[in-house]
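The values are calculated or read from the model by the stated rules, or taken from the named source; none is laboratory data. Everything numeric in this text was worked out from a predicted model, so none of it was measured. We place every Cβ from the backbone using ideal geometry, glycine too, and count neighbours over all the protein chains shown.
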C-alpha cells in the first residue's frame, strides 16, 4: 500500500502522483492520512486503484473520478464525486451540498445524510444515501438512480427528466413536474441491485420504497402547462 501524509507532502504532490497512474498499474492501493479537510483530494483520478482517505475532506473530493474506488473514512464537503464518470465513491459519514452533481456514471454511497441538491443534474450516476437528503435534490436530474433510505426535503426532483428516484421515508414536497409513480417488478429488481451495491441491503427492503419520476410536462413549452413553469 502507498501511504501518503497529506499534511507533510501536500495536495499537489498527491494528485500529481495519482494523475500519473495511467491505465494499468501495480500501485493499486493508496492510503491518504491527515487530510484535515483539504479540498480536491483525489480529484481527476483515472486508474483502477483503491484509495482510502482517513478523515474528513473539503470541497470536490473525488471529483471527475474515473475507474477508482475511493473510500472516505469521515465526512465530505460540498461537491463530492462531482462529474464522476465511473468507479465508486463511499463516504462513511455525511456529505455536504450537491453530492454527485452532474455525475455521468459510477456509484456514490453516502452512509450518513446528504445536504441540499444531492444529485443535482445527474446524468447517469447511481447514488445510494443511507440517511436523509436536503432540499432541491435531483434538480434537473437527467438519468441514473437516486436511492434514499431516509427522508427527502423540499422540491425533490424539480424539473426532472428521466432519472429514477426511490425514497423510503417521507418527502417534504415534490418539485415541478415530479410525481409519484407505480413501482413495477423491474424497479424492485433494480432496487435489489442498488441496495446491495450500496452496502444497504440489510437495512431496507425494496418494497418499502416509493418511486418518483417525471410527469414529462416540461420537456417542451406548452401554454396549457404554463402555470407549472
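The single condition from (1) assigned to a loop (DSSP other than H, G, I, E, B); (2) touching a strand residue (DSSP E or B) at 6+ places or on another chain (Cβ under 8 Å); (3) under 20 Å from residue 13 (Cβ atoms) that residue 36 fails is (2).
Let's see how each residue does on (1) touching a strand residue (DSSP E or B) at 6+ places or on another chain (Cβ under 6 Å); (2) touching a residue at least 40 places away in the same chain (Cβ under 8 Å):
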position: 96; (1), (2): no, no
position: 120; (1), (2): no, no
position: 131; (1), (2): no, no
position: 145; (1), (2): yes, yes
position: 148; (1), (2): yes, no
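Within the bounds of segment 57-69, is there any residue that is over 27 Å from residue 1 (Cβ atoms) and buried (at least 22 other Cβ atoms within 10 Å of the Cβ)? Quick ask: steps written out before the conclusion?
Taking segment 57-69 as the starting set, the residues that turn out to be over 27 Å from residue 1 (Cβ atoms) are none.
No: segment 57-69 contains no residue that is over 27 Å from residue 1 (Cβ atoms) and buried (at least 22 other Cβ atoms within 10 Å of the Cβ).
Within segment 97-148, the set of residues being over 22 Å from residue 71 (Cβ atoms) and either surrounded by 24 or more Cβ atoms within 10 Å (Cβ to Cβ) or in contact with a helix residue (DSSP H, G or I) (Cβ under 9 Å, 6 or more places away or on another chain) (or both) comprises 117, 137, 138, 139, 141. Put simply, of 201, 177, 224 the only residue that is surrounded by fewer than 18 Cβ atoms within 10 Å (Cβ to Cβ), in contact with a helix residue (DSSP H, G or I) (Cβ under 7 Å, 6 or more places away or on another chain) and modelled with pLDDT under 95 is 201.
In this entry, residue 80 passes the filter for residues that are without any contact (Cβ under 8 Å) to a residue 60 or more places away in the chain, buried (at least 20 other Cβ atoms within 10 Å of the Cβ) and either part of a loop (DSSP other than H, G, I, E, B) or touching a helix residue (DSSP H, G or I) at 6+ places or on another chain (Cβ under 7 Å) (or both). Answer yes or no as to whether residue 211 is surrounded by 12 or more Cβ atoms within 10 Å (Cβ to Cβ), over 22 Å from the mean Cα position of the chain (by Cα) and under 18 Å from residue 122 (Cβ atoms). When the stated conditions are applied, residue 211 does not pass them.
Among the numbered conditions (1) under 22 Å from residue 108 (Cβ atoms); (2) surrounded by fewer than 20 Cβ atoms within 10 Å (Cβ to Cβ); (3) without any contact (Cβ under 8 Å) to a residue 40 or more places away in the chain, the only one that residue 38 does not meet is (2). Is it fair to say residue 54 is over 19 Å from the mean Cα position of the chain (by Cα) and surrounded by 15 or more Cβ atoms within 10 Å (Cβ to Cβ)? Yes; evaluated as a whole, the condition is true for this residue.
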